[in-house]
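K.L.:
Okay, here's the structure, questions in a sec.
The values are calculated or read from the model by the stated rules, or taken from the named source; none is laboratory data. Keep in mind that what you see is a predicted model, and the values were worked out from it rather than measured. Don't worry about glycine lacking a Cβ; one is built from the backbone with ideal geometry, like all the others, and counts go over all protein chains shown.
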């Protein structure tokens, strides 16, 4: 592995135990930093608005990303469409700290993800299961997140994806070596990474949760299930009191094992974002199914 | 057995605890509460985001307790974000613990594209070269009279000590090298 690849994995280690918040302008970015976010994700529309408004969702305006970079001292991430080589080159040229090759945007390529080894900049990618996570890491992702179902305010998919990955890791840890190749074949995962996970009992990169976190209790739940930090998209800035909810989610992520703290910060937060039942979402609008 | 705490509010605390566990004769402790903070004999403040850790220190009421313990002589080592939290002066920002008489510049080397690693001998710490990892790292612009500069790189101060307080802008917790830990445990 190159020094650059190691440094990029290292940055994700510095974000652990923290909350990464979706922001759409400078004012929201400042609120996020003030609330204790470890990074912000700069994007034009939060996932719930993309879902509502429909159409093609693309990389954000570089001007808006630059303004947010100038406004905060914490790392700034931004999203590119799956497989969009040039959007990734643009974000690298802007010097953002992390690129999310994200299923929340409309995919640019319906067969291939980016070869993330070709860039100096680190990438985070989404996954629903261990095979998908290891394919993305094989392509060079320096950090993972479970996909969940972004913009729904419904935690059920994030839970399912995290439980699936953790359970498959436990399964691999107990597998005799001769069974590993078949696991790699059945799950479409690179063999060398399957061997590494079986040996270490963990993913080779940091793994956060995303997609559906709307309350401090949701964030704490994901941490309890083995997440190393959380992404909150629409859950903060589509709620009644974003600053207060953001601070509460930060506290709940640190003190996920202390129900008294989580109870205290959950008090009087006002309305959470409106939620959507997963079964009512059409196939075309299911973001988590994007990615190959 | 000496209790060595790692402040575990956010950041690379698990990495520090993992290194401490392989060092014999000490008891590593995860520090998330005031009671745990009051029980430790030494404390490491890990890498992470200094704004996030600083806000949690204030919100939990741990900030004044830690400041008092530092005044009473607690040995504390800050790596990267931890260095920023210990500093008396931060360029363009209010300080947090206001403990070591140094002026720190955050993200001094630039964004993630400017993160780097290198090998360097730090005579005060070890005769062997140490692997140094800098992630969106700060540097120390200047130090007060009571501060001993331990290491510089390209004319910038990257490690300093004042009494029992140690600050490094790099991350020994991301390497297999325990020499900075051994140095800190003797302070």
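K.L.:
So residue B:53 passes all but one of these: (1) surrounded by fewer than 22 Cβ atoms within 10 Å (Cβ to Cβ); (2) assigned to a helix (DSSP H, G or I). Which condition number does it fail?
P.N.:
Unmet condition: (1).
K.L.:
Which one is surrounded by the fewest Cβ atoms within 10 Å (Cβ to Cβ), of the residues in the stretch A:107-136 that are farther than 26 Å from residue A:186 by Cβ and touching a residue at least 60 places away in the same chain (Cβ under 8 Å)? Steps first, answer last, please.
P.N.:
Here is the first cut: in the stretch A:107-136, the ones farther than 26 Å from residue A:186 by Cβ are A:108, A:118-122.
Remaining after also requiring touching a residue at least 60 places away in the same chain (Cβ under 8 Å): A:120-122.
Details: A:120: 13, A:121: 22, A:122: 28.
The extreme case among them is A:120.
K.L.:
Of the numbered conditions (1) surrounded by 24 or more Cβ atoms within 10 Å (Cβ to Cβ); (2) within 14 Å of chain A (Cβ to nearest Cβ); (3) over 21 Å from residue A:15 (Cα atoms), residue B:131 satisfies every one except a single condition; which is it?
P.N.:
Checking residue B:131 against (1) surrounded by 24 or more Cβ atoms within 10 Å (Cβ to Cβ); (2) within 14 Å of chain A (Cβ to nearest Cβ); (3) over 21 Å from residue A:15 (Cα atoms), the one that fails is (1).
K.L.:
Residue check: is residue A:12 touching a strand residue (DSSP E or B) at 6+ places or on another chain (Cβ under 9 Å), in contact (Cβ under 8 Å) with a residue 12 or more places away in the chain and over 19 Å from residue A:234 (Cβ atoms)?
P.N.:
When the stated conditions are applied, residue A:12 passes them.
K.L.:
Of all residues in the stretch A:1-27 being within 16 Å of the chain's Cα centre (by Cα) and away from chain B (no Cβ under 14 Å), which is farthest from residue B:176 (Cα to Cα)? Show your work before the answer.
P.N.:
Looking only at the stretch A:1-27, we keep the residues that are within 16 Å of the chain's Cα centre (by Cα), and these are A:8-9, A:11-23.
If we keep only those that are away from chain B (no Cβ under 14 Å) too, we end up with A:22-23.
Working: A:22: 35, A:23: 37 Å.
For the stretch A:1-27, the residue satisfying everything is A:23.
K.L.:
Could you please give the count of residues in the stretch A:142-155 that are outside any loop (DSSP other than H, G, I, E, B) and either in contact with a helix residue (DSSP H, G or I) (Cβ under 6 Å, 6 or more places away or on another chain) or free of Cβ contacts under 8 Å to residues at least 60 places away in the same chain (or both)? Write out each step before concluding.
P.N.:
Going residue by residue through the stretch A:142-155, those that are outside any loop (DSSP other than H, G, I, E, B) are A:143-146.
Filter once more, so that each one left must be either in contact with a helix residue (DSSP H, G or I) (Cβ under 6 Å, 6 or more places away or on another chain) or free of Cβ contacts under 8 Å to residues at least 60 places away in the same chain (or both): A:143-144, A:146.
Counting residues in the stretch A:142-155 that are outside any loop (DSSP other than H, G, I, E, B) and either in contact with a helix residue (DSSP H, G or I) (Cβ under 6 Å, 6 or more places away or on another chain) or free of Cβ contacts under 8 Å to residues at least 60 places away in the same chain (or both) gives 3.
K.L.:
Now for a different question. Could you tell me whether any residue of the stretch B:174-184 is at pLDDT below 95, more than 11 Å from every other protein chain (Cβ to nearest Cβ) and out of contact with any strand residue (DSSP E or B) (no Cβ under 6 Å at 6 or more places or on another chain)?
P.N.:
yes
K.L.:
Out of all the residues in the stretch B:66-86, is one or more surrounded by fewer than 17 Cβ atoms within 10 Å (Cβ to Cβ) and within 14 Å of chain A (Cβ to nearest Cβ)?
P.N.:
no
K.L.:
How about the stretch A:1-23: which of its residues are part of a loop (DSSP other than H, G, I, E, B) and at pLDDT 95 or above?
P.N.:
Let us first name the residues in the stretch A:1-23 that are part of a loop (DSSP other than H, G, I, E, B), namely A:1-2, A:16-18.
Correct list: A:16, A:17, A:18.
K.L.:
Take residue A:30 and decide whether it is over 17 Å from the mean Cα position of the chain (by Cα), part of a helix (DSSP H, G or I) and modelled with pLDDT under 95.
P.N.:
Details: over 17 Å from the mean Cα position of the chain (by Cα): yes; part of a helix (DSSP H, G or I): yes; modelled with pLDDT under 95: no.
No.
K.L.:
Considering each of B:9, B:97 in turn, give the residue that is under 23 Å from residue A:254 (Cα atoms), within 11 Å of chain A (Cβ to nearest Cβ), in contact with a strand residue (DSSP E or B) (Cβ under 9 Å, 6 or more places away or on another chain) and in a loop (DSSP other than H, G, I, E, B). Don't jump to the end; show me each part of the working.
P.N.:
Details: B:97 fails: within 11 Å of chain A (Cβ to nearest Cβ).
On inspection, the qualifying residue turns out to be B:9.
K.L.:
Identify all residues within the stretch A:64-100 that are within 13 Å of another protein chain (Cβ to nearest Cβ), in contact (Cβ under 8 Å) with a residue 40 or more places away in the chain and assigned to a loop (DSSP other than H, G, I, E, B); write none if there are none.
P.N.:
Residues satisfying the conditions are A:72, A:73, A:74, A:75, A:96, A:97.
K.L.:
So which residues in the stretch B:12-25 are out of contact with any helix residue (DSSP H, G or I) (no Cβ under 7 Å at 6 or more places or on another chain) and within 13 Å of another protein chain (Cβ to nearest Cβ), if there are any at all?
P.N.:
B:13, B:14, B:17, B:18
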